[in-house]
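Single-structure report; data block below.
The values are calculated or read from the model by the stated rules, or taken from the named source; none is laboratory data. On a predicted model such as this, the values are computed, not experimentally measured, just so you know. Cβ placement follows ideal geometry from the backbone for every residue including glycine, while neighbour counts extend to all protein chains displayed. Only protein heavy atoms, including side chains, enter the accessible area calculation; ligands, DNA and RNA are left aside. Shrake-Rupley method; radii C 1.70, N 1.55, O 1.52, S 1.80 Å.
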Amino acid sequence: MENREITAAFQEIADLLRILQDDPKWTFKAAAYERARRSIESYPERLEDVARDPNRKLTDIPGIGADLAAKIKEMVETGECQYHREQLRKVPHGLLEMLQLAGVGPQKVRLFNKELGIKNVDELEAAARAGKLRQLPKMDEKSEQNILKAIELFRRAAGRFRLDTATETAEELVAYLKESRGVEEVTPAGSLRRGRETVGDLDLLVTGSDPAQTAEHFLKHPSIAEVLARGEDKVSVRLKSTMQVDVRLLARQQYGAALMYFTGSKEHNIALRDRAKKRGWKLSEYGLFEGEKVLASRTEEEVYEKLGLEWIPPELRENQGEIELAERNQLPRLVELGDIRGDLQMHTTASDGNASVEEMAVAAKKLGYRYILITDHSKAVTIANGLDEKRAVENIRRIHAARKKVKGIEIWAGAEVDILGDGRLDYPDSLLKQFDIVLASVHSRMTMPGEEMTERLVKALANPYVRILGHPTGRHILKRDPFNFDVEKVFAAAKQHGVVMELNGNPERLDLSDRLARLAKDRGLKIIVSTDAHHPEHLKLMRYGVLTARRAWLTKKDVLNTLPPEKLLAALRHVPK
Ligand code: DGT
Ligand code: CA
Ligand code: CA
Ligand code: ZN
């Protein structure tokens, strides 16, 4: 049992309790489940290991009392939780589905169901189109429109998973497959290997001496809900999480060609196949052929080389110009995780983070970083416990004090200052100038018209203290679309004022996206890849930010937090204000 499965169950119980509200005490109960969920999310160990260790107590974990500890034990031992099942039985499945809509929480679901008898997303859509939702308390025409937009996005997102979810599942299955006798290579291919922000299904490639036994072993995995297809060289299953997994059992000598084929993208493959055809050859998942003769198939490098190309990193395989450059040996040297020297967005317990400045600094040092920037929220972001001016000054002092306790890493005092609705910042200049680096982001009024949003961002960028624009489009992957604004105008303003774009590496955001980060680079902007960590563990999310940066064709030079501390500060200050 993975922590992720436990937190998903706890969150669902909390949602069910809030939808049902059979008892006024259930609001508190729901809050307790949510507290536990948050605490587990940032817990560094597997709860299963803690639960099975006779010398340890689950109740030592913050937010876990005797009752929830018993439920965790039950889940670890039986794979499910009786209480969860009981609540699920009381609520139609469609109500839970509605929770996936942006801006729709349990209270709204309860309201729609109680007042209008709505039981699923389709019925909600019909009610919104008929103008029935606006008549409900706290609803109006605009919120009705937003629900229609959320439904549209929900339909687009159906069947796709976030990169982190797919990665975690893939890593678990790879480790499991490697336990099978005779297995040699297990590699995730497809969109996951290309580092796309969302993944449709997993494509796992396996070589080994006993494919039949490997298939047998795989089909025993406890996460499998349904076997979709089973053949000599392929097994397809659907997991309980609804994710589909295709496992391909390959011959060793075919591995390189198959890896290329199943990594894709389809567009990249088609271009390569045409290239082979022009030379009178044939390219398939079995190899590159001249008639019956195999020209190359064992490794990707061989196949690319035979096609007159240097090896192309998977993140670039989208047929967006990479083949032409590979032909001339001119592919960019993409930035790597190991190039990153520090993280420039993170939160502490001062606002909505889970750890102290010192804890974040110690964790960053363990990653080999040379600097961090602490960026707690400003006061406008009340739900994140944003700091007013007085608390911000205290926080700067706290950060300076941490420097004395944790040596060997630069701890910079920053802030994630809210960009107010009219483009002014949430702090006066007199406070802004006390920070080492100021990051500015939008957290409110995200649905304003594009022109207004453009003006708002352009105005914020003109503030002389703003160094970085945080999560520039505000999107949440599969949940909330980017807000409307004129990207060219905003990039031009950033360029004029020397403001750097953040590539927020939190896999929930990946903002700028690969496409926009590449555009930013083309417009002469520099990028900072950060994690927006709210816990020391989150600092490791940098890998997803770097993958996205690579998909954006960024090199070390394009990413400023690959610089040593002095050079980074100088680069952020050299601005034609
Ligand atoms: P996904 O799963 O939707 O996130 O995206 P992919 O890229 O993983 O696509 P998937 O799982 O349908 O197929 C895996 C790879 O197999 C794909 O990237 C390229 C290759 N492939 C699939 N269908 C075709 C095809 O019709 N033609 C060619 N040339 N390649 C294909
Ligand atoms: Ca796939
Ligand atoms: Ca597939
Ligand atoms: Zn933020």
For segment 549-568, does any single residue satisfy the condition of being under 23 Å from ARG193 (Cα atoms), among the hydroxyl-bearing types (Ser, Thr, Tyr) and under 15 Å from the mean Cα position of the chain (by Cα)? no
So, in segment 267-305, how many residues would count as being surrounded by fewer than 19 Cβ atoms within 10 Å (Cβ to Cβ) and on the phi > 0 side of the Ramachandran plot? 2
Restricting attention to segment 212-224, does a residue exist that is open to solvent by 70 Å² or more (accessible area, probe 1.4 Å) and either in contact with a Cys (Cβ under 8 Å, 6 or more places away or on another chain) or within 15 Å of ligand 2 (Cβ to nearest atom) (or both)? no
Among the residues that make up segment 439-451, is at least one of them under 16 Å from ALA517 (Cβ atoms) and of a type outside the set (S, T, N, Q)? no
Search result, residues across segment 75-114 that are on the phi > 0 side of the Ramachandran plot and either surrounded by 13 or more Cβ atoms within 10 Å (Cβ to Cβ) or touching a Leu at 6+ places or on another chain (Cβ under 6 Å) (or both): GLY103
GLY182 - would you say it is away from ligand 2 (no atom under 16 Å from the Cβ) and either at pLDDT below 95 or over 25 Å from GLU97 (Cβ atoms) (or both)? yes
Out of segment 225-242, which residues are in a strand (DSSP E or B), open to solvent by 20 Å² or more (accessible area, probe 1.4 Å) and within 16 Å of ligand 1 (Cβ to nearest atom)? LEU228, ALA229, LYS234, ARG238
Subset of segment 430-454, residues more than 16 Å from GLU416 (Cβ to Cβ) and of a type in the set (S, T, N, Q), comes to SER430, THR447, THR454
Got a sec? Which of GLY195, GLY182 is open to solvent by 20 Å² or more (accessible area, probe 1.4 Å) and not charged (D, E, K, R)? GLY182
I want to confirm something. Restricting to segment 44-58 and keeping residues that are assigned to a helix (DSSP H, G or I) and open to solvent by less than 60 Å² (accessible area, probe 1.4 Å), which single residue is nearest to PRO536 (Cα to Cα)? LEU47
Residue list for segment 8-43, restricted to those being within 22 Å of the chain's Cα centre (by Cα), free of Cβ contacts under 8 Å to residues at least 24 places away in the same chain and surrounded by 15 or more Cβ atoms within 10 Å (Cβ to Cβ): none
Do the conditions hold for GLU197, that is, is it within 15 Å of ligand 1 (Cβ to nearest atom) and of a type in the set (Asp, Glu)? yes
State whether the residues of segment 153-162 include one that is part of a helix (DSSP H, G or I) and at pLDDT 95 or above. no
